[in-house]
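Asker: Encoded as structure tokens, here's the structure I'll be asking about.
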Amino acid sequence: MPRVVVSGNEAVAFAVKLARVQVVAAYPITPQTTIVEKIAELVEKGELKARFINVESEHSAMAACIGAAAGGARTFTATSSQGLLYMSEMVFWAGGARLPIVMAVVNRSIAPPWSIWCDHNDAFAVRDAGWIQFWAESAQEAMDMVIQAYRVAEDEGVLLPAMVNLDGFYLSHAYEPVEVPEQQTVDRFLPEKTPAPYRIDVDKPMSYGTIANPDYYMEFRWKMQRAMDEAARVIREVDEEWGRLTGRSWGGLLEAYRCDDADVGIVLIGSWAGDAKEAVDRLRSRGVRAGVVRLRVTRPFPARELRDAVEGMSAVAVVDRSLSPGLPSVLAAEVKSALFNAKRRPVVRSFIAGLGGRDVSPKDFERIVECSLKEGPEEVTWIGLRGVTPW
Amino acid sequence: MVTVKQLPREEYWLPGHAACPGCPASLGLRMLGKALEGRFVLVVPAGCTTVIQGMYPKTPSRVPLLNIAFAASAAAATGLRAALELRGIDVPVVVWAGDGGTVDIGLQALSGAAERNEDILYICYDNEAYQNTGIQRSGATPPGAWTTTTPLGKRERRKVAPLIVAAHRVPYVATASIAYPLDFVEKVRKAVSKRGFKYIHLHAPCPTGWRFPPSETVEIGRLAVETGAWVLYEIEDGVLRLTGRSASLLDPARRKPLEEYLKRQGRFAHLFRPENEQLLELLKMDIQENWEAIRSALERGGRIL
């Protein structure tokens, strides 16, 4: 298995090639651009036999993916931030149409003020679109995740689009050693797409996306929910199978790091899990029993797995790299809702950090854990806010 | 020249659909089906046709039909075409969009697909307002026309969509009218015989929105052409040529008086009140300048650019 040093974005582009994607439609946006640039190069060189459509906007990028997926092609696009918001109407359409499109979202904050740096508000803005939402920690995981995402999305019991999130710049532009799986391995794992049951066929005409009156609409939505339930099972199985083939299994729906005997856990998504793990190692060397629960998937939300992972903990610190003004923590609210009916539930503390690319260090995570272990109100704490000391 | 007898007797748009009485879009869809003998895929953005096709789980369409969001049809057709090509399926992909979905909200995607010269046929059925949402003005509504959002008559001119598309230097652009079905069928067939982006702008008089009796749809369409308010032409590889009934109407003296067309429609009734003379003039100017552009192109051997 060749080992290369590539950026997270290049890792995604190689995954697209390995997955033998047939149609790519894209519009550039920082920090996503180098993904589609690399794919365009692979297509031009003939290394990937695909149609690369240079569309005039993200809205059209997703529309073209919808057309292509409905026509039976394996389809990919990538975007970030404003681009995801601009295509969001079509993102919902793809979810509702149950088309197994895979999209990389290189997470970037939302303007104004303009910011090209990382946070997670872009992907959370389309949280309810009916997409599976994966979150990578490393370039290697981003690559593996894209390949896994096609298997999950195209599973006949699932048939939902999947979004692979990777942190802007932290993952997209940082270079890491990555093991590239052999093409044969991927081909075995991800065979050429079997005919989708609903793809367009001139000899068997059907109407796709027609009007459903109140007698039917709700059942379509119910089926989406069923598909999400099914996706949770498929994600676990697919990750195990990938582990058998490549030696890399990522934990299924979530990764629990040093959680078995932990008193306190940090719950988060994305690349800064590495910093949190380092903080946990340091804390443990000082006798603080801490762990990290990194959600690999937020849709379907791994509620049962989360309950299992935090069982026995007295406190959980949820660190959001996003803000829902007026709530304000998206992930913490979801974690609380997942734990609400647990028999023994830990105190859930909510932290907002890293918005717009604000740096968060292992030291910050140490303080988050220490703060969570103290008695105090369960309010939201902002980390690194200039001129304000939260503790 | 196609004759009625040469058209298939087969119907590809079944009766019992949900169109208004006298609906021009359903007439157009019927002719489109016959023109391509049912071997094509339709892409339909939001609009009257979304409703005409009726409700799940039934549909009157005997060709596959991909519904898509309002602004997205040309891009969705692009992706669909690419997928069919990969599967070795060579049937036309046809967008069927209203004037709103074409000249307004869908213009960006249309322009993108035209610039890329995608191998699709884009048909705009132009009923000159957002008729599906209840008769609001569009970029294609003629000046002076009453709509619910221009209660005193539209004060702006209209976008000349066929020329906007032609400026992308695509291989084929044409105008047509539901009142001249054989001309339309011929243009559809010619369009799909070419590779690349094709565009047909189909004039579609709407009894509901234009305020005329549903039995007069075809008659009103014919009057639009005979008075010169609508012009039939095609632009093949950048060269314009008048077609059908319009071919002999370059000379204004040969056209029927415009009032014969306007007075049959409630949406123009207010134009004949003295205080609205300016609006009527604006409409006449709009029509005349359209003809002037055609005349000057013809003087250059039909070259439009």
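The values are calculated or read from the model by the stated rules, or taken from the named source; none is laboratory data. The model shown is predicted, which means the values in this text are computed figures rather than measured ones. For neighbour counting, all protein chains shown are included, and Cβ atoms are generated from backbone atoms with ideal geometry for every residue, glycine included.
Asker: Quick one: A:ARG386 ticks every box in (1) buried (at least 18 other Cβ atoms within 10 Å of the Cβ); (2) closer than 30 Å to A:PRO112 by Cβ bar one, so which box is it?
Answerer: (1)
Asker: If you take just the strands (runs of 3 or more DSSP E) that sit entirely in region A:285-391, which of them hold at least 3 residues that are in contact (Cβ under 8 Å) with a residue 12 or more places away in the chain and farther than 30 Å from A:LEU159 by Cβ?
Answerer: A:290-295, A:315-320, A:347-352, A:380-382
Asker: Enumerate the strands (runs of 3 or more DSSP E) found wholly within region B:146-256, keeping only those where 1 or more residues are closer than 20 Å to B:GLY301 by Cβ and touching a helix residue (DSSP H, G or I) at 6+ places or on another chain (Cβ under 8 Å).
Answerer: Of the strands (runs of 3 or more DSSP E) lying wholly inside region B:146-256, those with at least 1 residues that are closer than 20 Å to B:GLY301 by Cβ and touching a helix residue (DSSP H, G or I) at 6+ places or on another chain (Cβ under 8 Å) span B:172-177, B:233-236, B:239-242.
Asker: Another one. Check region A:97-109 and report whether any residue there is free of Cβ contacts under 8 Å to residues at least 12 places away in the same chain and over 28 Å from A:ARG226 (Cα atoms).
Answerer: Filtering region A:97-109 for residues free of Cβ contacts under 8 Å to residues at least 12 places away in the same chain gives none.
No, that holds for no residue.
Asker: What number of residues in region A:64-91 are within 19 Å of A:VAL12 (Cβ to Cβ), in contact with a Phe, Trp or Tyr (Cβ under 9 Å, 6 or more places away or on another chain) and either facing chain B (nearest Cβ under 7 Å) or of a type in the set (D, E, K, R) (or both)?
Answerer: Going through region A:64-91 one residue at a time, the tally reaches 2.
Asker: Looking at this structure, is A:GLN133 touching a Lys or Arg at 6+ places or on another chain (Cβ under 7 Å) and of a type in the set (S, T, N, Q)?
Answerer: Answer is yes for this residue.
Asker: Could you tell me which of the residues A:ALA232, A:ALA129, A:ALA149 is in contact with a strand residue (DSSP E or B) (Cβ under 9 Å, 6 or more places away or on another chain) and within 14 Å of chain B (Cβ to nearest Cβ)?
Answerer: A:ALA129
Asker: Which one is farthest from B:ARG9 (Cα to Cα), of the residues in region B:32-47 that are at the interface with chain A (Cβ under 10 Å from one of its Cβ atoms) and more than 18 Å from the chain's Cα centre (by Cα)? Please lay out each step first, then the result.
Answerer: Quick first cut of region B:32-47, residues at the interface with chain A (Cβ under 10 Å from one of its Cβ atoms) only: B:38-45.
From what's left, more than 18 Å from the chain's Cα centre (by Cα): B:38-41.
On the way: B:GLY38: 12, B:ARG39: 15, B:PHE40: 17, B:VAL41: 20 Å.
Step by step, filter region B:32-47, then rank; the result is B:VAL41.
Asker: Considering each of B:GLU289, B:GLU277 in turn, give the residue that is surrounded by fewer than 18 Cβ atoms within 10 Å (Cβ to Cβ) and farther than 27 Å from B:TYR172 by Cα.
Answerer: B:GLU277
Asker: In addition: Could you tell me which numbered condition A:ARG248 fails, if it satisfies all but one of (1) without any contact (Cβ under 8 Å) to a residue 12 or more places away in the chain; (2) surrounded by 14 or more Cβ atoms within 10 Å (Cβ to Cβ); (3) within 20 Å of the chain's Cα centre (by Cα)?
Answerer: (1)
Asker: OK, next. Please specify each residue of region B:86-106 satisfying the condition of being out of contact with any Phe, Trp or Tyr (no Cβ under 6 Å at 6 or more places or on another chain), in contact (Cβ under 8 Å) with a residue 12 or more places away in the chain and within 11 Å of another protein chain (Cβ to nearest Cβ).
Answerer: Matches in region B:86-106: B:VAL93, B:GLY106.
Okay, residues lined up against (1) over 20 Å from the mean Cα position of the chain (by Cα); (2) over 13 Å from A:ASP263 (Cβ atoms); (3) surrounded by fewer than 24 Cβ atoms within 10 Å (Cβ to Cβ):
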| position | (1), (2), (3) |
| --- | --- |
| A:ARG282 | yes, yes, yes |
| A:SER285 | yes, yes, yes |
| A:ARG289 | yes, no, yes |
| A:ARG296 | no, yes, no |
| A:ARG299 | no, yes, yes |
| A:ARG304 | no, yes, yes |
| A:ASP308 | yes, yes, yes |
| A:ALA315 | yes, no, yes |
| A:VAL318 | no, yes, no |
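Asker: On the basis of being at pLDDT 95 or above, part of a helix (DSSP H, G or I) and either at negative phi or touching a strand residue (DSSP E or B) at 6+ places or on another chain (Cβ under 9 Å) (or both), does A:GLN140 make the cut?
Answerer: yes
Asker: Further, regarding this structure: So, in region A:64-97, how many residues would count as being in contact with a Ser or Thr (Cβ under 8 Å, 6 or more places away or on another chain) and buried (at least 24 other Cβ atoms within 10 Å of the Cβ)?
Answerer: 8
Asker: Go over the candidates B:GLN131, B:GLN136 one by one and state the one that is more than 10 Å from every other protein chain (Cβ to nearest Cβ), farther than 30 Å from A:PHE52 by Cβ and in contact with a Cys (Cβ under 9 Å, 6 or more places away or on another chain).
Answerer: B:GLN131
Asker: For region A:55-67, which positions are touching a strand residue (DSSP E or B) at 6+ places or on another chain (Cβ under 8 Å) and either part of a loop (DSSP other than H, G, I, E, B) or within 20 Å of A:PRO112 (Cα to Cα) (or both)?
Answerer: A:VAL55, A:GLU58
Asker: Does A:GLU56 satisfy the criteria of being over 24 Å from the mean Cα position of the chain (by Cα) and either more than 7 Å from every other protein chain (Cβ to nearest Cβ) or buried (at least 24 other Cβ atoms within 10 Å of the Cβ) (or both)?
Answerer: Values: over 24 Å from the mean Cα position of the chain (by Cα): yes; either more than 7 Å from every other protein chain (Cβ to nearest Cβ) or buried (at least 24 other Cβ atoms within 10 Å of the Cβ) (or both): no.
When the stated conditions are applied, A:GLU56 does not pass them.
Asker: So, in region B:257-274, of the ones that are outside any helix (DSSP H, G or I) and surrounded by fewer than 20 Cβ atoms within 10 Å (Cβ to Cβ), which residue ends up farthest from the chain's Cα centre (by Cα)?
Answerer: Per the stated criteria, the residue is B:ARG273.
Asker: Let me ask you something else. Do you know which residues across region B:140-176 are within 18 Å of B:THR208 (Cβ to Cβ) and surrounded by 18 or more Cβ atoms within 10 Å (Cβ to Cβ)?
Answerer: Within region B:140-176, B:ALA140, B:THR141, B:PRO142, B:ALA145, B:TRP146, B:THR147, B:THR150, B:LYS154 qualify.
Asker: Hey, B:ASN132 hits all of (1) buried (at least 21 other Cβ atoms within 10 Å of the Cβ); (2) not in a loop (DSSP other than H, G, I, E, B) but one; which does it fall short on?
Answerer: Status for B:ASN132: all satisfied but (2).
Asker: Something else now. I'm checking my understanding of the structure. Among residues of region B:48-85 that are in contact with a helix residue (DSSP H, G or I) (Cβ under 8 Å, 6 or more places away or on another chain), closer than 24 Å to A:SER60 by Cα and more than 7 Å from chain A (Cβ to nearest Cβ), which one is surrounded by the fewest Cβ atoms within 10 Å (Cβ to Cβ)?
Answerer: B:PHE70
Asker: Sticking with this one: Before we move on, is A:GLU41 part of a helix (DSSP H, G or I) and either more than 14 Å from chain B (Cβ to nearest Cβ) or aliphatic (A, V, I, L, M) (or both)?
Answerer: yes
Asker: May I ask you to list the residues in region B:107-123 that are among the polar types (S, T, N, Q) and facing chain A (nearest Cβ under 10 Å)?
Answerer: We begin by selecting, within region B:107-123, every residue among the polar types (S, T, N, Q); these are B:108, B:111, B:117.
Of everything in region B:107-123, those that are among the polar types (S, T, N, Q) and facing chain A (nearest Cβ under 10 Å) turn out to be B:GLN108, B:SER111.
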